[in-house]
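Chemist: I'd like to ask you about the structure that follows.
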Amino acid sequence: MNTRIRLHDLEFVPYLSEDAIQTRVRELGAVLSAQYAGQTPLFISILSGAFMFASDLIRHFSGDCEIAFVKLRSYSGTQSTGQVQSVIGLEMELAGRPIVIVEDIVDTGRTLHYFMEQLRLEHPASVSVVALLHKPDAAEYQVPIDHLGFSIENKFVVGYGLDYEGLGRNLSAIYQLASD
Ligand code: IMP
């Protein structure tokens with residue numbers, strides 16, 4: 001975990017180790033297992049970035065649960081495009097269900113804000129948000145994060161599901177854009 005990596009034209013340095021991530025994901029799974037004991041929550045994972053986090057997280061959820069995926073997009077390269085588009089919608093009944101939104105990273109908060117607005121129209125019983133990463137200094141929308149993995153600096157990161165122009169999703173650790 002000491003080596004820099006290069007993806008396309010950019011260099012990245014190690015930031016969060018695989019061990020640190022896995023320990024935190026296990027803790028989040030335990031917290032959610034206690035919170036939803038006796039219920040069958042529907043985890044909704046926001047693709048593509050959250051696929052790895054969601055798949056690890058639900059393995060640490062001890063009760064019954066379901067999982068669904070939505071695809072939204074607001075990023076191009078290392079800058080937010082300012083637009084959120086729903087690419088793949090949700091087809092199941094959400095009314096009266098406890099929902100857990102699983103997000104990889106909350107940056108401006110636009111994606112989550114937009115998605116929560118859509119979700120409320122479906123009248124779920126409850127909605128909570130679990131995000132692996134949050135960049136508080138990038139916030140433009142106030143979004144509630146009920147369970148957070150790590151609060152991080154406002155710098156671009158890759159790995160553990162997150163990409164730079166398509167690359168880096170397969171890395172088990174998280175890397176930060178090198179500043180030199
Ligand atoms: P937001 O709508 O600005 O909060 O951005 C949310 C989405 O942008 C995340 O789900 C990611 O897919 C992407 N994103 C935000 N910051 C980063 C980053 O540092 N690296 C990779 N993707 C990011």
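The values are calculated or read from the model by the stated rules, or taken from the named source; none is laboratory data. The structure displayed is predicted, hence computed values, not measured ones. Cβ sites come from the backbone with ideal geometry, for glycine too, and all protein chains shown count toward neighbours.
Chemist: For the range 150-175, give me the residue count where each residue is closer than 18 Å to residue 108 by Cβ and of a type outside the set (A, V, I, L, M, F, W, C).
Modeler: The number of residues fulfilling the criteria is 6.
Chemist: Something else now. Are any residues in the range 140-164 among the charged types (D, E, K, R), in contact with a Gly (Cβ under 9 Å, 6 or more places away or on another chain) and either more than 12 Å from the ligand (Cβ to nearest atom) or in contact (Cβ under 8 Å) with a residue 60 or more places away in the chain (or both), and if so, which ones?
Modeler: 163
Chemist: Still on this structure, please answer the following. Please enumerate the residues belonging to the range 107-137 that are under 14 Å from residue 45 (Cβ atoms), among the aliphatic types (A, V, I, L, M) and within 11 Å of the ligand (Cβ to nearest atom).
Modeler: Within the range 107-137, 112, 131, 132 meet the criteria.
Chemist: Just to verify a result, which residue in the range 30-53, among those that are in a helix (DSSP H, G or I) and surrounded by fewer than 22 Cβ atoms within 10 Å (Cβ to Cβ), is farthest from the ligand (Cβ to nearest atom)?
Modeler: Ranking the candidates gives 34 first.
Chemist: I'd like to check which strands (runs of 3 or more DSSP E) are fully inside the range 79-180 and have at least 2 residues that are at pLDDT 95 or above and crowded, with 17+ Cβ neighbours inside 10 Å.
Modeler: 98-106, 126-134, 147-151, 174-177
Chemist: Against the condition of a type in the set (A, V, I, L, M), within 14 Å of the ligand (Cβ to nearest atom) and within 14 Å of the chain's Cα centre (by Cα), how does residue 167 come out, does it pass?
Modeler: No: the conditions fail for residue 167.
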